[in-house]
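Please find one structure pasted underneath; my questions will follow.
The values are calculated or read from the model by the stated rules, or taken from the named source; none is laboratory data. All values derive from a computational prediction rather than experimental measurement. Heads up, the Cβs are rebuilt from the backbone with ideal geometry, glycines too, and the neighbour counts pull from every protein chain shown. Ligands, DNA and RNA are stripped out before the accessible areas are found, and what is left, the full protein with its side chains, is counted by its heavy atoms. Shrake-Rupley method; radii C 1.70, N 1.55, O 1.52, S 1.80 Å.
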Amino acid sequence: SACIADLAIVAAICSSAVRSCDGAGSGETDIQRRAHGLLAGMRDQRERLRRGLVRGSGQMFKPFPSGTVRGPIKFLYAFDRDMELLHVERDDPRPTRGAAASTEDVERADVKDLPIVTWHFAHIHRPDRSVHMINVAGSQDPSEIQVNKADFKIRREGVIDIRTVGLLAAVSYEHQASWADLFKHLNDRPPDEVVDEGAGLWRIRWPTTDGLGRNSLWIDRSKGFSPVRFEMQHKLISREPNVKGGWPEPFGGCEATWTEINGVWVPLTYRIEDQQYRDAEGRPATYEHEFNWELVNEPIPLEWFEIESLHAPKGTLVTDHRGQDIVLTRVIGEPDNRDVGTTYSIPTAGEPSRIVYRVNGHGIWIFVGMSALGIVLILLLYGLRRSKETRG
């Protein structure tokens, strides 16, 4: 039962003499056994969250040399792990023009705010398909919902996994490292310190492989083995002989608070900080989230995993990419859908051409840009040259 599993985990942490079945004779140190016990408790608690529906909001603040990206974050996350169902939607601020992310220039970052647009990402995964949509506010091009095979690898930006809350630095957050990868990374690394800080709070510390850094994770056993704090540090290297370097303030990390709903611990607030990006006033880059749970380990209506749940704007194209050709299956909001069933060849790798969709009152016009324009220009230049030769 769950209670027996918790007792076994606690025993492994509190008694260095306890050996796990797979750890006996493996050469594990007392520190490693305690760390593995804490991480096993965290994994067990996170895996108990099988179904959920949560909405969230927050703020993003990230300085660049050319200015600061600042704006609201919104997201929705519905999932049923047993049925392999997932629905993710996320709104993020993005700059309307490029901003160099060089950390060498970050101290000269201006405090002015860059103009932003809202970048909307949506993804639905089911056993039979993978659906995603990206829509940029104010764009003149129609949105497109692409239907791919279930094993299609989408960009991980925007794909939230609640189980990773409390374990992410800014880089892994922006690229959405997976729960499995993060847990394996922590569990496989040998820690050099495990400390009981009292009131159920434990700290695990890992040195980096080069010895020039260290990461620390705080796990609160009293709150379902939840990760409440994560920090990363770089060691200061002294140029003076016989002078040891010290450990400055963390350059990045996160903090999370948790609450218990239906016997499961879920995140309530989440803040990620990156001191490597600071504006002219010294304020670091931050991502702040608040979670509003609507369902926890309760049945999730299957409507959440249909295309209609994306509420795509009128004119959005629904295209099927599971075959050799792209097949237009729907145009959202178009009553006649007269071009449904039209197929378009997918450009092969290396071809300069790409298919661009346009929507008007008469249906879909397909423009094969760049290559077609190039052919026209080549023919035109050839004709002009022939004309000159003829005159000569």
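Using beta carbons and a limit of 8 Å, which pairs, at least six apart or on different chains, have the first residue in the range 149-160 and on the phi > 0 side of the Ramachandran plot and the second one at pLDDT 65 or above and part of a loop (DSSP other than H, G, I, E, B)?
158/176
Here's something else I'd like to know. Residues 52, 23, 71: which one is closer than 29 Å to residue 295 by Cβ and either among the basic types (Lys, Arg) or modelled with pLDDT under 95 (or both)?
71
Can I ask one more? Taking residue 117 as the residue in question, decide whether it is surrounded by fewer than 20 Cβ atoms within 10 Å (Cβ to Cβ), modelled with pLDDT under 90 and assigned to a strand (DSSP E or B).
Yes; evaluated as a whole, the condition is true for this residue.
If I ask for residues that are modelled with pLDDT of 95 or more, more than 16 Å from residue 254 (Cα to Cα), in a strand (DSSP E or B) and among the small types (Gly, Ala, Ser), which ones from the range 193-226 would you list?
198
Just give me the residues in the range 185-207 being surrounded by 16 or more Cβ atoms within 10 Å (Cβ to Cβ) and closer than 17 Å to residue 234 by Cα, in sequence order.
191, 204, 205, 206, 207 - these are the residues of the range 185-207 that are surrounded by 16 or more Cβ atoms within 10 Å (Cβ to Cβ) and closer than 17 Å to residue 234 by Cα.
Test each condition in (1) more than 28 Å from residue 291 (Cβ to Cβ); (2) modelled with pLDDT of 85 or more; (3) in contact with a strand residue (DSSP E or B) (Cβ under 9 Å, 6 or more places away or on another chain) for residue 165 and report the one that comes out false.
Going through the list (1) more than 28 Å from residue 291 (Cβ to Cβ); (2) modelled with pLDDT of 85 or more; (3) in contact with a strand residue (DSSP E or B) (Cβ under 9 Å, 6 or more places away or on another chain), residue 165 breaks only (1).
Looking at this structure, is residue 42 under 30 Å from residue 187 (Cβ atoms), open to solvent by 60 Å² or more (accessible area, probe 1.4 Å) and either β-branched (Val, Ile, Thr) or at pLDDT 95 or above (or both)?
No.
Just wondering, is there one or more residues in the range 228-250 that are at pLDDT 80 or above, within 16 Å of residue 163 (Cβ to Cβ) and open to solvent by less than 40 Å² (accessible area, probe 1.4 Å)?
Yes, the conditions are met somewhere in the range 228-250.
In the range 276-297, what residues are over 30 Å from residue 248 (Cα atoms) and surrounded by 12 or more Cβ atoms within 10 Å (Cβ to Cβ)?
The answer is 291, 293, 294, 295, 296, 297.
Check residue 148 against each of (1) under 30 Å from residue 117 (Cβ atoms); (2) modelled with pLDDT under 90; (3) open to solvent by less than 50 Å² (accessible area, probe 1.4 Å) and name the one condition it does not meet.
(2)
Separate question: Residue check: is residue 315 farther than 27 Å from residue 75 by Cα, more than 26 Å from the chain's Cα centre (by Cα) and not hydrophobic (A, V, I, L, M, F, W, C)?
It is false that residue 315 is farther than 27 Å from residue 75 by Cα, more than 26 Å from the chain's Cα centre (by Cα) and not hydrophobic (A, V, I, L, M, F, W, C).
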